[in-house]
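Enquirer: First, the structure itself, so that you have it in front of you.
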Amino acid sequence: MNGTERGEGVGRRGFLRGAALAGAGLATGGAAAPGTTTAAPAAVAPFHGAHQASVLAPPRRTCVFVSLDVTTENRAELTDLLRTLTDRARFLTSGGTPSPIGITGPPADSGILGEQLPSGQLAVTVGVGTALFDDRFGLAARRPRRLTTMPAFPDDDLQSDWCHGDLSLQLHADDPDTALHALRDIARHTRGGMQVRWRLDGFTSPPRPSGTPRNLMGFKDGTANPDTTSGREMDRLVWVGKGMGEPDWALGGSYQVVRLIRMLVEFWDRVSLGEQERMFGRARSSGAPLDGVSEHDTPNYADDPKGDVIPLDAHIRRANPRTAVTADQRLLRRAYNYDRGMDANGNLDMGLLFCCYQQDLARQFETVQHRLAGEPLTDYITPFGGGYFFALPGVRDATDWYGRALLG
Amino acid sequence: MQLAGLGRRPLRLWGALIALLALTTVGAVLLPRASHRSPATGDGLRHTTIEVSPSRCGHGWQSATAGLQVFDLRNTSDGPTEVYLEDPASQVVYGEVEGIGPGVTRPLTVRLGEGTYAFKCVPDDADAVTGPSVHVASGRRGPGAAPVTEHDLIPPAIDYQKWVAGGLSEVVRLTSRLQRAIDHGDLAGARWAWLPAHLEYERLGAAYDAFGDADAQINGTDAGLPGGVHDKGFAGFHRVEYGLWHGQSAVSLRGPVSALLKSVTGLRDSWAQTRMDPAQLGLRAHEILENTVQFELTGRTDYGSGSNLATARANLDGTREVLSRLRPLLTTRYAGLPGLDRELDRAQRTLDGFRHGDGWTRLDQLTRAQREQTDSVLGDLVERLASVATLCDPRRTA
């Protein structure tokens, strides 16, 4: 949304219904003041639509990922919570001037982005976990058919404090202050309705020197993603559609898998380059498959049946064997790097905030995950948390809200 | 509860600043109006420059349009002033800027809707002046409230002060009982007597400097003490608590409990001579539970008794006591009052669920769901109580 598209004065007001800070709401900036001719940049992801556009949007430079537990007492309050969450997300992504509330309360906004919130610089992704479909809100019968609790996979060391949750909320932006501002705003307006269960912040590195950004093992990560500009491909791999046995309300959503994966980077740095590359199946410098020249070359496994060039247990070969049979097992990777300080014995605590989207957890993520079990890379990583969520269908317009079809 | 710094009333440093600003003021007053330089904005909002002075208060607008906009309030007088944008008939205030220094221009962002408005200039050292009225024909305006004056707050403050006085006498009585148990070497009895005495004190809402230095002696923690819990300066309820729940002998606790009794007795006696600042009332309504969130729900103030949730419950009582005195002022001013009442009840139900006879669940025994419920309901309450503090901040209207 671009502020200059709006008329003089104020476009809309008073989105916030029934929240603690009554009166806070959105006011878009109106016509640009004389002398400010900078056009607003294209939005990170449009807020309104049949899908959450933030699912497909390329990862931004930073993100905040939080899992939340709902603390409301009943379904009506859960509805209020999701409406408030929608109002805040709409406001925070659209930008504008927070509505002043005079002497009736403290300032409506934290001010960390200044008095004017930028437009189109934040994207929000909201998901629901299987825990939300227990007996608290009478939603058991409406659970997305394929939504389960993330199991512990063979190489996992899951910590319960870092797993699962009723809701997932991911805030994507190019600047950390934008994402943190959004987190603070949303938390402030929803304190009585939900609490953060766990939180991990991520970042995307710039291309080094070009192509797909690198992970903290030094390898380009996400090269072989499906084409997000192809609606057909997305309908085949990412979005839940008709005829899949899913409840009507879930159409247009997507299954979100989050995996918090510690990388043992000191150990990794003590491994020879050749061994590192054979574990991934790609050259570290270019990102090319070991049988290719440049990053986006397609590996030719048929010509290498014994794995002489790309070992049979290399990560890219197990993850995506590139056969007709495995084509519908592909998923959309949306991973971020994370860094959270040091561990107890002085090693760096960093790794991958892995996130991916698919229309079927069993057919896609779990199949791939089982195929990856025992891959050589597992010695250098420790998955310690995460969860399965269902990214809700999009908020269609100014009157729609997250979960309307689920709760309405 | 923990003493954490000074109160947050804006400091009135203007006396010192006026002399400094006098030079620039002369220049500003003499400048022709056209040369006034508006601050660069670029915010896309409509801006109107308004004069602030005893003779020309609120000059600069004859008509207005509805919607979000900025008034650049330019103080052309030689003294600092407060400015309110009010409905002159009801005196409901829709926006304010405090302490605009002479020669200074400060923005006031408001949303105007259908109604009549006037600026009221309240110089620090002169009577208030209301400027011309301007009518807006349509639109929904931002929220407003009639200001609370210091005069409004005096009767509730006196009433609250009397209630605190009664509570302090009870603290002295219960602390004496605790001392007797320790003097008799009855450590089990002392552990049993410690909690009621401490909770009675916590019920008085000694948040953030309410009792001044006395609170540090009565209810301080070991924060900042070089020797930590073994520091000679560690005193009060938590010092005694540490000893009672860490196997210290009754003899070794005689000194600390005697000092505690002396402190609470001293506070009770001095309280009778103290006059509570009425401006504190609204702040207390908010900050008692801020203190709870910061020090009780984190377990920071637990020295072995595991009674943080009991303390939180006592703090909730203390908040209700303040609110009950402010209620007549809030009913017409705080649209969120019914919601606040509902959440107070919810917090009470939640905390009462952790009480088992005389005992309370320890904070670290809460399940994750219980912990989240507790944090959620008290977090929600402090958001709502913040509005009580801003609404009950005393404002001059004449």
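Values quoted throughout were computed directly from the atomic coordinates according to the rules given, and no laboratory measurement underlies them. Here the structure is a predicted model, which means the values were calculated and not measured. As a convention, Cβ positions derive from the backbone with ideal geometry for all residues, glycine included, and neighbour counts pool all protein chains shown.
Enquirer: Quick one: work out the % antiparallel among DSSP beta bridges in the protein assembly as shown, nearest 5.
Expert: 90
Enquirer: Where does each of A:MET194, A:MET342 land when they are ranked from fewest to most other beta-carbon atoms within 10 angstrom?
Expert: Ascending Cβ contact count within 10 Å gives the list A:MET342, A:MET194.
Enquirer: Above 21 Å lies some portion of the pair distances; for the stretch B:320-398, what is it as a whole percent of all C-alpha pairs?
Expert: 40
Enquirer: If each residue's Cβ is checked for other Cβ atoms within 10 Å, how do B:ARG191, B:ARG327 rank with the fewest at the top?
Expert: Values: B:ARG191 17, B:ARG327 14.
Result, fewest neighbours first: B:ARG327, B:ARG191.
Enquirer: Continuing with the same structure: Against the empirical 2.2 N^0.38 Å scaling, what ratio does the C-alpha Rg of chain A come to?
Expert: Expressed relative to 2.2 N^0.38 Å, the Cα Rg reads 1.02.
Enquirer: Going by how many other Cβ atoms sit within 10 Å of their own, how do B:LYS262, A:LYS242 line up, fewest first?
Expert: A:LYS242, B:LYS262
Enquirer: Only Cα pairs within less than 10 Å get springs; with that Gaussian network setup on chain B, which residue of B:GLY224, B:GLY79, B:GLY379 has the largest fluctuation?
Expert: B:GLY224
Enquirer: Relative contact order of chain B: what whole-number percent is it, with Cα pairs under 8 angstrom and at least 6 residues apart? Intermediate results must be reported in sequence, preceding the final value.
Expert: Numbers: 694 pairs, mean separation 64.6, N = 398.
It comes to 16 percent, rounded to a whole number.
Enquirer: To continue, here is another question. Whose amide H sits under 5 Å from the amide H of A:VAL395, counting only residues 5 or more places off or on another chain, with H placed in the peptide plane?
Expert: A:GLY49
Enquirer: Hey, with R₀ at 56 Å, roughly what FRET efficiency would A:ARG270 and B:THR367 work out to, going by the Cβ-Cβ distance, to 0.05?
Expert: Once the sixth-power term is evaluated, E becomes 0.85.
Enquirer: Test of understanding: what is the full-extension gain from A:ALA42 to A:MET244, defined as 0.36 nm times their sequence separation minus their Cα-Cα distance?
Expert: That works out to 69.3 nm of additional length.
Enquirer: To continue, here is another question. Against the 2.2 N^0.38 Å scaling, with N counting residues, where does the stretch B:246-398 land? I'd like the Cα-based Rg ratio to two decimal places.
Expert: 1.22
Enquirer: Which Cys residues of chain B have no other Cys Cβ less than 4.7 Å away and so no disulfide-compatible partner by this rule?
Expert: Lacking a cysteine Cβ partner under 4.7 Å: B:CYS392.
Enquirer: Calculate the translational D of the protein assembly as shown in whole µm² s⁻¹ from Stokes-Einstein, where the hydrodynamic radius comes from the Kirkwood formula applied to all Cα pairs, the temperature is 37 °C and the viscosity 0.692 mPa s.
Expert: In µm²/s, the coefficient rounds to 109.
Enquirer: Explain nothing, just compute: Karplus ³J(HN,Hα) = 6.51 cos²θ - 1.76 cosθ + 1.60, θ = phi - 60°, for every residue of the stretch A:56-68 in order, whole Hz, x for Gly and Pro.
Expert: In residue order, the calculated couplings are 8, 4, x, x, 8, 5, 9, 8, 10, 10, 10, 9, 10 Hz.
Enquirer: With label points built 7 Å along Cα→Cβ from the Cα atoms of A:THR229 and B:SER249, find their separation and express it in nm.
Expert: Those two pseudo-labels are separated by 8.4 nm.
Enquirer: What percentage of all Cα-Cα pairs in chain B are separated by more than 32 Å? Working shown, then result.
Expert: Values: 37242 of 79003 pairs.
Value for chain B: 47 percent of Cα pairs lie more than 32 Å apart.
Enquirer: With springs only between Cα atoms under 10 Å apart, run a GNM on chain B and tell me which of B:LEU168, B:LEU45, B:LEU326 wobbles the most.
Expert: Fluctuation is largest for B:LEU45.
Enquirer: Averaged across A:92-103, how many Cβ atoms of other chains sit within 10 Å of each residue's Cβ atom? Spell out each step's value before the answer.
Expert: Details: counts 0, 0, 0, 0, 4, 8, 2, 6, 10, 10, 18, 18.
That works out to 6 on average.
Enquirer: Taking the Cα centre of the protein assembly as shown as the origin and placing charges on Cβ (Lys, Arg +1; Asp, Glu -1), which of A:LEU147, B:GLY353, B:VAL122 is farthest toward the positive end of the dipole?
Expert: Towards the positive end, the residue furthest out is B:VAL122.
Enquirer: So what are the ³J(HN,Hα) numbers for the stretch B:43-50, from phi and the Karplus equation (6.51, -1.76, 1.60; θ = phi - 60°), rounded to whole Hz, Gly and Pro as x?
Expert: My calculation for the stretch B:43-50 gives 8, x, 9, 5, 10, 10, 8, 10 Hz in order.
Enquirer: Right, something else. Using unit Cβ charges (K, R positive; D, E negative) and no other charged atoms, how large, in debye to the nearest 20, is the dipole of the stretch B:171-300 about its Cα centre?
Expert: 460
Enquirer: Now for a separate question. So how long is each side of the stretch A:93-241 along the principal axes, counting just the alpha-carbon atoms, biggest first, in Å?
Expert: Projected onto the principal axes, the Cα atoms of the stretch A:93-241 cover 56, 51, 35 Å.
Enquirer: Here's something else I'd like to know. Near the amide H of B:ARG395, under 5 Å away, which other amide H atoms are found, from residues 5 or more places off or on another chain, if H is placed in the peptide plane?
Expert: When sequence neighbours closer than 5 places are left aside, the close amide H contacts are B:VAL148, B:THR149, B:GLU150.
Enquirer: Separate question: Between A:ASP174 and A:ARG340, with labels modelled 7 Å along Cα→Cβ, what's the label distance in nm to one decimal, could you check?
Expert: 2.8
Enquirer: Using θ = phi - 60° and the Karplus form 6.51 cos²θ - 1.76 cosθ + 1.60, what ³J(HN,Hα) does each residue of the stretch B:86-100 get, whole Hz, x for Gly and Pro?
Expert: Here the 3J(HN,Hα) series is 10, 7, x, 6, 8, 6, 6, 9, 10, x, 8, 10, 8, x, 7 Hz.
Enquirer: If amide hydrogens are placed 1.01 Å from N in the peptide plane, which non-local residues have theirs closer than 5 Å to the one on A:GLY129?
Expert: The list, which skips near neighbours in sequence, is A:LEU167, A:SER168, A:PHE390.
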